[in-house]
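A.B. asks: So that we are looking at the same thing, I have put the structure below in structure tokens.
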Amino acid sequence: MAQHASSSLAVPSDNSKYVTVFNDPVNFNAKHPLHNSWTLWFDNPGKKSNANNWEQSLKELITFDTVEDFWGVYNNVMKACDLAINSNYHLFKQGIKPMWEDSANKHGGKWSIQLPRHKTMSEIDNIWLYTMLACIGEAFEHENEVCGAVVSVRKAFFRIAVWTRSSDSYETVMSIGRTLKRSANIDGTLEFQSHHDSSKTGGKAWTV
């Protein structure tokens, strides 16, 4: 992620070394810009959700654009494994709503994996963390195709997904899936479906 850090950061007036959030999480004086700004969203519409009350329950929490601010957010929000059933975190590029209907998402799809609750909570939290890091750190060859990531908490499983801008290029989609699997250290099978096919029974799916 730090590869996008600006070289024009001001030198502290006392000529001391730069202090980052990595060696002092409170009194840091340097920040490393990300290539994009990212917004964290949250919702928990409950079991009887529909399109109307889901959108009403969607809350925009915070937008950040530096490495340090990401860690500040991550260390001060509830971990995914501690969220209530039916909750969702959505981390999307600023300006993209975590909805199929958004113009950036409507022709895309998502890579996703379901993680049963018998996995350790730390393992699930780590997969979610490394999924976010892959997104904000520009780990993907086709970075512009990545819209955001979602973690969903359900009674029997957790689902982690990365949403893409398009779904018609097999090579592009598979490249994103392979990078996600490697970056998040996922040992199960990832499945890709377009948002359009996700709404239909028997829609085509790719796996990696």
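Laboratory data are not the source of any read-out in this text; all were calculated from the coordinates shown. No experiment lies behind these values; they were computed from the predicted model shown. Note: ideal-geometry Cβ built from the backbone for every residue, glycine included; neighbour counts use all protein chains shown.
A.B. asks: At what distance in nm do the modelled label points of residue 28 and residue 206 sit from each other, each positioned 7 Å from its Cα along Cα→Cβ?
C.D. replies: Placing both labels 7 Å along Cα→Cβ, they lie 3.5 nm apart.
A.B. asks: Right, here's the next one. Expressed as cubic angstrom per residue, what is the convex hull volume of the alpha carbon set of the chain?
C.D. replies: Cα convex hull per residue, to the nearest whole number: 133 Å³.
A.B. asks: So how far apart, in nm, are the two label points at residue 119 and residue 77 if each is 7 Å from Cα heading toward Cβ?
C.D. replies: 1.9
A.B. asks: Can you give the helix-only mean residue ellipticity at 222 nm for the chain, where every DSSP H stretch with n ≥ 4 adds -39500 (n - 2.57) and the sum goes over all residues, rounded to the nearest 500 deg cm²/dmol?
C.D. replies: Rounded to the nearest 500, it is -7000 deg cm²/dmol.
A.B. asks: Oh, and also: For 99, 132, what ranking results if the residue with the fewest other Cβ atoms within 10 Å of its Cβ goes first?
C.D. replies: 99, 132
A.B. asks: Assign unit charges at the C-beta atoms only (+1 for Lys and Arg, -1 for Asp and Glu), then state the dipole size of the chain relative to its Cα centre in Debye, rounded to the nearest 20.
C.D. replies: 800
A.B. asks: Past 19 Å, Cα to Cα, is the threshold; run 59/97; 93/204; 31/181; 59/79 against it and keep the listed order.
C.D. replies: 93/204; 31/181
A.B. asks: Using only the alpha-carbon atoms of the range 99-200, report the extent along each of the three principal axes, biggest first, to the nearest angstrom.
C.D. replies: For the range 99-200, the Cα spread along each principal axis is 35, 30, 20 Å.
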